[in-house]
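Undergrad: Pasting a structure here, questions to come.
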Amino acid sequence: MKKTTLLAVLLISAFVFLPAEETPHRKRWEIGSDLGMGFANNMVGIGDILKKNILVDLDAIGPSLGDRGAMMDLNLFGDAFFNLTVKQKYFLTFFTGFDGGINGITSKSFIELVSQGNRNNHSSSGDMANISGAVFGEAGAGFKTAVKKFKLGGSAAYYVPLFYIPQGNLKYTLDAETGLRVGVSSDINIYTPLSFKNSDKTSTSLGKPAFNTGDILSSGGVDISLSAEYAFFPFLDAGVNLSHIPLVPATLKSQIYVSIDEFEIKGDNLLSNPNIDMPKVEPKFDYKDDVSFRVLRPMRGDFYADYRPLKTNLLLIRPNVGFTVFNPNGKPYFNAGALVKLSLPKDIFSVYAGMAYDEAVWKNRLGLGLNFRVCEFLMEASVRSQDFLKSFDGHGFGLTLGTRFGF
């Protein structure tokens, strides 16, 4: 079955009118959008930057990194959607958006080499840094329904990877047996739906990519998301969300290979010798337009419970656990967290606080909602880091803004 045919079947299935839970504020239609970004690292905090004289002491920072090295994550997302309710019984949603980011790790051994130099004149080798990441665009539709004590939902989406970087490595080799030689090599592949047919393969730059809308859209894949919730008691609900269950993988046809030629540094010590002549290092790019690289979006599962000790929405406590797989870096993640939300009657004002270990990043969140019926405004701010204690110390930040409008 062709991708376009499968996509049409999924969207038609999502458009079937099903009984849905009532939308308490905007009962006919609603449009909305969200935009957010986040950054986290475990090496440098805001207190290290907001100084008159900035000093990064790698000798002091190195031991606090553990064996993982220096980690960095940058994420961003945005969406726009249209919700439609018919006679307060049928609920549909149509959406589009983007989501993704970049994460990198600088190895502890390389940080120690830079901070301490080659004091013992020994040879060594290893990873200098690892990098991976992806950004996806999507469009789709979904539904929600209420059946007795169950709330069920599902959506289908057509997604296109705008770029995809499976985990790549920058490696170094230090040879101190015969003088001093440092070699650097790379193994980084970037996959994209864009074409670079007009680029010069011998150049250090890629040139201008060919932006062909048809080629980009034909590179996409299809996945679905499902949700279910059951009301065990008037004060306790429990549910599960499964996001990005793959049906058809995206297929990218262009590959960019980034390489760095080995270079040589002459000197007795990398840091103590002030006369080291650093060579000019230029990455080179090679490309192919005839690859067939399959890509799945990260699949995520979340299991949660909504506990309302007052049997109303005035106070809500939500713990959750889950997992994420199919990441560009090839690692599965265990996720867990808890959230406490306080809402005034009819949700005119709501505020929540939460803590989560989400895809190897600690996130401490504070959110605020203002609901004026016709329009609604949402904001969430967070501090974050890969290290628990550093997540409270300005090693990362996140911000999400949302708006809703309708009748």
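Undergrad: Translational D (Stokes-Einstein, µm²/s) of segment 292-407 at 37 °C and 0.692 mPa s when Rh comes from the Kirkwood sum over C-alpha pairs?
TA: Estimated diffusion coefficient is 204 µm²/s.
Undergrad: Still on this model: With charges only on Cβ, +1 for K and R and -1 for D and E, what is the dipole size of segment 347-407 about its Cα centre, in debye, rounded to 20?
TA: That gives a dipole near 120 debye.
Undergrad: So what does residue 372 come to for accessible area, using a 1.4 Å probe and Å² rounded to 10?
TA: Rounded to the nearest 10, the figure is 110 Å².
Undergrad: Oh, and also: Note the full-extension length gain between residue 173 and residue 109 as 0.36 nm times their separation in residues minus their Cα-Cα distance, in nm to one decimal.
TA: 21.9 nm
Undergrad: For 90, 307, what's the largest-to-smallest order of accessible area, 1.4 Å probe?
TA: Putting 90, 307 in descending order of accessible area: 307, 90.
Undergrad: Pairs on different chains or at least eight residues apart, Cα atoms closer than 22 Å: how many lysine pairs in segment 308-369 fit?
TA: Final tally of qualifying lysine pairs is 4.
The values are calculated or read from the model by the stated rules, or taken from the named source; none is laboratory data. This structure is a prediction, so every number in the text was calculated from the model and none was measured. Every residue, glycine as well, gets a Cβ built from its backbone with ideal geometry; the counts of neighbours run over all protein chains shown. Areas reflect the complete protein model, heavy atoms only, side chains present, ligands, DNA and RNA absent. Shrake-Rupley method; radii C 1.70, N 1.55, O 1.52, S 1.80 Å.
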